[in-house]
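The structure appears right after this line, and notes come after that.
What follows is calculated from the coordinates using simple rules that are stated; it is not laboratory data. Just so we're clear, the structure is a prediction, and the values are computed from it rather than from any experiment. Cβ coordinates were reconstructed from backbone atoms using ideal geometry, including for glycine residues, and neighbour counts include every protein chain displayed.
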Amino acid sequence: MNDSQVMDPENGADLKSQAVQAAEELRSAVSSHASQFGEAVEREAGQAQDSAADKAEQLRQAAETGWEEAKVKLQDLLQEGEVYVREHPGKSVATALGVGFILGLLFRR
């Protein structure tokens, strides 16, 4: 063997400590990046949750508004129906009898 192939024990120990140090630095860098990634994911998830909550609130308000409008329209329709029946009792009774007769025919089959 020539001198370049012979390993110096001190040099081998130095290489080992360098490898251990490099591995430790790599582990530390990976850990740091993983932590940063986790924080970014948590931040984005929080923003997505806030956005979803805002949309849900908007939908709830829209549904509530629609429900209230439907109730008002139904009450108006009922009042108009009552007024019509009071003003035209004969037509109302005849119409009710006709609708009842037709429904009776339909449901009998």
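Worth a mention:
- Computed extension length for residue 84-residue 17: 14.2 nm, one decimal, from 0.36 nm per residue of separation with the Cα-Cα distance subtracted.
- Within the chain, helix-based [θ] at 222 nm, where runs of 4 or more DSSP H residues each add -39,500 (n - 2.57), nearest 500: -34000 deg cm²/dmol
- Net dipole in debye of the range 9-108 [+1 Lys, Arg Cβ; -1 Asp, Glu Cβ; about Cα centre; nearest 20]: 900
- Projecting the Cα atoms of 33, 23, 79 onto the charge dipole of the range 18-85, computed from C-beta unit charges around the Cα centre, puts 23 farthest toward the positive end.
- Working note: Debye formula, equal point scatterers on the alpha-carbon atoms of the chain, no solvent; log10 I(q)/I(0) at q = 0.09, 0.13, 0.16 Å⁻¹ is -0.67, -0.86, -0.98.
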